[in-house]
């Protein structure tokens, strides 16, 4: 075959193969879909993934199989998703840690979120609450800032570990206010909360849903939500954004697919998941877990991931944590 014949054959093959993604999307799905959750079963993230999986399976008329692959701060499961076939039969559950934090925090992350994935949809947003020990003499964000500025380096805060959502939320607060508080990492949010209740820690940040029962029981003080504005379910608790306009340390959950997944399938998944999220039942179920339904377009979710990546890269560099962890 001559060079010109090879070129013509290539053009003809491209013309034949181009419609295949659309054809595949028309028949999609024709077998069960794997939903990788990069966390162990039973936790909050796993619960949200399963909330979505069942009704989404009903929408698509195929089973959604939740595949828990926890470990290494969501790296193990996310890497598995990055290397999966880009055919629409692998979905990957994500959150800021896996797609906006890890790439700066880790020196040798085995995947690149921007290169290896296509965003499908943001599922929700979750408010974090800053709770203080009852013996800390502050009752507002303004009072905390003044108290901490008068005692640089003397106040501490706990979290479920280095680079966790609660840790980075308070570091964002430190940078935004110019205060300096010492981080004390614990092996889980539960032990950090117990230490705060006991007065061994001055404060900690964690999901609102976990903190509220202890706040209502008077064991800790719910000082503020680390959000731009108050939330409807807890209107009596101020938002940090009221004192620091634009401040937002909320976390979120979303869905990705491997890069190369046909655009028609991405749009189909987005449309079907939006339909699931828009039901009153889903809004109620999310609310009981401290989450607010979001939904929207792949483009909006991509923009959120990008902005959070920039935000956390800047923060991790400011606090000396960029590249501080090796897998």
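Between residue 288 and residue 47, what length in nm is gained on full extension when 0.36 nm per residue of separation is reduced by their alpha carbon distance? If you can, show how the numbers build up before the last one.
Numbers: separation 241, 0.36 × 241 = 86.76 nm, distance 1.15 nm.
So the chain would gain 85.6 nm between residue 288 and residue 47.
Computed from the coordinates I sent, semi-axes √(5λ) of the Cα gyration tensor in Å equals one of (i) 32, 27, 16; (ii) 34, 21, 19; (iii) 41, 22, 16. Tell me the label.
(iii)
Cut-off is 10 Å between beta-carbons; in what order do 69, 327, 219 appear when sorted fewest neighbours first?
By the 10 Å Cβ count, ascending: 327, 219, 69.
What angle do you read, to the nearest 10 degrees and between 0 and 90, between the alpha-carbon axis of helix 3-17 and the longest principal axis of the chain?
It works out to around 60 degrees.
So, by mean Cβ neighbours within 10 angstrom, what's the order for 253-266, 129-142, 201-214 with the highest one leading?
Highest mean packing first, the order is 201-214, 253-266, 129-142.
How many percent of DSSP beta bridges within the chain run antiparallel, rounded to 5? Walk me through the numbers on the way to the answer.
Values: 23 of 39 bridges.
Of the beta bridges lying entirely in the chain, close to 60 percent run antiparallel.
So if R0 is 25 Å, what FRET efficiency would residue 175 and residue 198 give, r being the distance between their Cβ atoms, rounded to the nearest 0.05?
Efficiency computed from Cβ-Cβ geometry: 0.35.
With a cut-off of 8 Å between alpha carbons and a minimum separation of six or more residues, what is the relative contact order of the chain in percent?
26
Under 8 Å for C-alpha pairs, at least 6 residues apart: give me the relative contact order for region 128-243, rounded to a whole percent.
37
By how many degrees, 0 to 90 and rounded to 10, does the Cα axis of helix 44-60 deviate from the longest principal axis of the chain?
Tilt of helix 44-60: around 30 degrees.
Sum -39500 (n - 2.57) across every DSSP H segment of at least 4 residues in the chain, then divide by the residue count to get the 222 nm mean residue ellipticity, nearest 500. Each step should come with its number before you reach the end.
Values: 14 runs with 144 residues, N = 327.
Only helices count here, giving -13000 deg cm²/dmol.
Could you order the peptides 89-101, 56-68 from most to least packed, using the average number of other C-beta atoms within 10 Å per residue?
Most protected by this proxy first, the peptides run 89-101, 56-68.
At what distance in nm do the modelled label points of residue 326 and residue 85 sit from each other, each positioned 7 Å from its Cα along Cα→Cβ?
3.7
How much FRET efficiency would the formula 1/(1 + (r/R0)^6) give for residue 217 and residue 142, where r is the Cβ-Cβ distance and R0 is 25 Å, rounded to 0.05?
Details: r = 26 Å, r/R0 = 1.03.
Result of the calculation: an efficiency of 0.45.
What is the angle, in °, between the Cα long axis of helix 263-277 and the longest principal axis of the Cα atoms in the chain? Nearest 10 is fine, range 0 to 90.
40
So how far apart, in nm, are the two label points at residue 319 and residue 154 if each is 7 Å from Cα heading toward Cβ?
According to this spin-label approximation, the distance is 2.2 nm.
Bear in mind that the values in this text are calculations on the coordinates, not laboratory data. Computed from a prediction, not measured in an experiment: that's the story for all the values here. Counting neighbours? That spans all protein chains shown, and the Cβs are built from the backbone with ideal geometry, glycine included.
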